[in-house]
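The values are calculated or read from the model by the stated rules, or taken from the named source; none is laboratory data. This structure is a prediction, so every number in the text was calculated from the model and none was measured. All Cβ positions, even for glycine, are placed from backbone atoms using ideal geometry, and neighbour counts span all protein chains on display.
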Amino acid sequence: MRVCLLGAGLIGMFYTMSLHGKRGRDRVSVVYSRTQKSADQFAKQWEIPVATNDMLAAIERDDIDVVIVALPNHLHKTAVMAAAKAGKPVLCTKPLGRTAAEAQEMMEAVESAGVFAGYLEDLVYTPKTLKALKSVRGGAIGDVLWVRSRETHSGPHSDWFWNQEMSGGGAIIDMGCHCIEIARNFIGKEIRPVEVVCWADTQVHPIETEDHAIGMVRYENGAIGQFEVSWAFRGGMDLRDEVAGTEGTIWLNHWLRTGMEMFSACGEADYVAEKAESSKGWLFPVGDEPSALGYVDMFTDVLDALEQGREPSETFYDGYVVNAIMDAAYQSVKSKRWEPISLPVWRGQEKTDHISVSRDFDDEHHLVKQERMPDGSTKVILKNKTTGEISQRIV
Ligand SMILES: NC(=O)c1ccc[n+]([C@@H]2O[C@H](COP(=O)([O-])OP(=O)(O)OC[C@H]3O[C@@H](n4cnc5c(N)ncnc54)[C@H](O)[C@@H]3O)[C@@H](O)[C@H]2O)c1
């Protein structure tokens, strides 16, 4: 694929590293940046033949197969609309919009133009997440009851993230979008997210937007997606997910404990890992960052989907649902109550039954719980099917 990359910042760099790969065939063939100087610098570093500071001209070129939007949040819509108008397949980084209304406009624009679109939500494609999703979808942990997803670090690396107008919000819009979509994937994207309760505050930084938030998203089947995000967390980037099901549990640690732990008394002279705060003492380097963060598998899926004429795993519709959940979270921060999630476009199940597990002990009783006790006996807690009485027995 010949890629037109809009944006030459941190994510543009990760995307280029992932697309070019070691001996990859996909290439960034055009890069757009705000200034010609930064476009030229980026093009030189990554051997990209064309560098420009004219976004429209970049999108409209005949010699590109797909446009990637890797620009600050307030520019996503402009870039996507231009790609849709030019009839160009388009992939957009997270969050899709600053609000659900913005995301819905973008979704409708690509759908009515009939252009291919993919939502670049890398963290549902990390190798560990893909493996865990396969286990969950195969039934290995039963019905998912609770997903707890965390992304925290000491704050983003560019000015625009801290500007409410440009970013659309703080830690929720920046990182809550990842956590919410991770939970949707485990719980089941076809299950309707119903309401949100969220706490957020500006604990540390002199900014308008929130630098810390914790929220819960209730799904129609009773499952809970919990997101924990912070720009005030010290010690590097903490990326963890916990999935609790009726028959099992999965814990994933993507960054601070990836299996490589290193101590350096004199200090590591080189880059350690994204958002690492120290290069001395105990360090947690990451062997292959683009792969560990999901970018490699993400581009494999979206570019395969484009070639094969199918939908990628993450679509603009998914981005719009995530934005709608975040809108409700911001409402809840203000009202301090559970707030309904408004989804004028909903393509999932219309009615999902509540998760329920019922196990018979005998004709008269349901089994509530069974446990092996320290003295070696086995105790059961029972519920009488007719009277509802709870009792216990040693068996
Ligand atoms: N894991 C992920 O998927 C991930 C990680 C980081 C960032 N992102 C997303 O990628 C997008 C870009 O973030 P980033 O970290 O690369 O930011 P960045 O600040 O590192 O880079 C932004 C790029 O856009 C350009 N730019 C800035 N303001 C501009 C303007 N007003 N007009 C035109 N160009 C402008 C900058 O020059 C730079 O090339 C954001 O939407 C962010 O949420 C995604």
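Would region 184-199 turn up any residue that is in a loop (DSSP other than H, G, I, E, B) and within 16 Å of the ligand (Cβ to nearest atom)?
Scanning region 184-199, I find no residue that is in a loop (DSSP other than H, G, I, E, B) and within 16 Å of the ligand (Cβ to nearest atom), so the answer is no.
Sort through D327, D304 and tell me the only one that's at pLDDT 95 or above, in contact with a helix residue (DSSP H, G or I) (Cβ under 8 Å, 6 or more places away or on another chain) and of a type in the set (D, E).
Going through D327, D304 in turn, just one is at pLDDT 95 or above, in contact with a helix residue (DSSP H, G or I) (Cβ under 8 Å, 6 or more places away or on another chain) and of a type in the set (D, E): D327.
Which numbered condition trips up V286, out of (1) surrounded by 20 or more Cβ atoms within 10 Å (Cβ to Cβ); (2) outside any loop (DSSP other than H, G, I, E, B)?
(2)
Regarding S135, is this residue away from the ligand (no atom under 13 Å from the Cβ), of a type in the set (S, T, Y) and under 21 Å from the mean Cα position of the chain (by Cα)?
Numbers: away from the ligand (no atom under 13 Å from the Cβ): yes; of a type in the set (S, T, Y): yes; under 21 Å from the mean Cα position of the chain (by Cα): yes.
In short, yes.
Looking at region 121-131, can you tell me whether even one residue there is farther than 25 Å from L303 by Cα and either assigned by TED's automatic domain parsing to the domain that holds L96 or surrounded by fewer than 19 Cβ atoms within 10 Å (Cβ to Cβ) (or both)?
No, there is no match, as no residue in region 121-131 is farther than 25 Å from L303 by Cα and either assigned by TED's automatic domain parsing to the domain that holds L96 or surrounded by fewer than 19 Cβ atoms within 10 Å (Cβ to Cβ) (or both).
Looking at region 155-166 only, could you name the residues that are outside any loop (DSSP other than H, G, I, E, B) and either within 8 Å of the ligand (Cβ to nearest atom) or of a type in the set (G, A, S) (or both)?
Once the filter is applied, which keeps residues that are outside any loop (DSSP other than H, G, I, E, B) and either within 8 Å of the ligand (Cβ to nearest atom) or of a type in the set (G, A, S) (or both), region 155-166 yields D159, W160, F161, M166.
Somewhere in region 352-372, is a residue in contact (Cβ under 8 Å) with a residue 60 or more places away in the chain and charged (D, E, K, R)?
So far as region 352-372 goes, yes, one or more of its residues are in contact (Cβ under 8 Å) with a residue 60 or more places away in the chain and charged (D, E, K, R).
For region 264-283, enumerate the residues that are among the small types (G, A, S), assigned to a loop (DSSP other than H, G, I, E, B) and closer than 19 Å to D238 by Cβ.
Hits for region 264-283 are A273, A276, S278, S279.
Within region 359-378, which residues are over 42 Å from the mean Cα position of the chain (by Cα) and on the phi < 0 side of the Ramachandran plot?
Just the residues of region 359-378 that are over 42 Å from the mean Cα position of the chain (by Cα), to begin with: 362-365, 374-378.
Hits for region 359-378 are D362, D363, E364, H365, P374, D375, S377, T378.
Checking G169 against (1) within 12 Å of the ligand (Cβ to nearest atom); (2) at negative phi; (3) not in a strand (DSSP E or B), which test does it fail?
The number of the failed condition is (2).
Give R310, R337 a once-over and let me know the one that is assigned to a loop (DSSP other than H, G, I, E, B) and farther than 26 Å from L120 by Cα.
Testing whether each residue is assigned to a loop (DSSP other than H, G, I, E, B) and farther than 26 Å from L120 by Cα leaves just R337.
Give me a count of the residues in region 245-263 that are under 19 Å from the mean Cα position of the chain (by Cα), among the β-branched types (V, I, T) and part of a loop (DSSP other than H, G, I, E, B).
The total comes to 1.
Report, by residue number, each residue of region 3-18 that is under 19 Å from A292 (Cβ atoms) and either within 6 Å of the ligand (Cβ to nearest atom) or touching a Lys or Arg at 6+ places or on another chain (Cβ under 6 Å) (or both).
Residues satisfying the conditions are L10, I11, G12.
Taking L239 as meeting all but one of (1) part of a strand (DSSP E or B); (2) surrounded by fewer than 18 Cβ atoms within 10 Å (Cβ to Cβ), write down the number of the exception.
Among (1) part of a strand (DSSP E or B); (2) surrounded by fewer than 18 Cβ atoms within 10 Å (Cβ to Cβ), L239 violates only (2).
In region 251-287, what count of residues is obtained for those that are among the small types (G, A, S) and out of contact with any Gly (no Cβ under 9 Å at 6 or more places or on another chain)?
Counting residues in region 251-287 that are among the small types (G, A, S) and out of contact with any Gly (no Cβ under 9 Å at 6 or more places or on another chain) gives 1.
Are there any pairs, at least 6 apart or on different chains, whose C-beta atoms fall under 6 Å, with the first in region 153-173 and assigned by TED's automatic domain parsing to the domain that holds G235 and the second assigned to a loop (DSSP other than H, G, I, E, B) and polar (S, T, N, Q), and if so, which?
What qualifies is Q164/T209; G169/T209; G170/T209.
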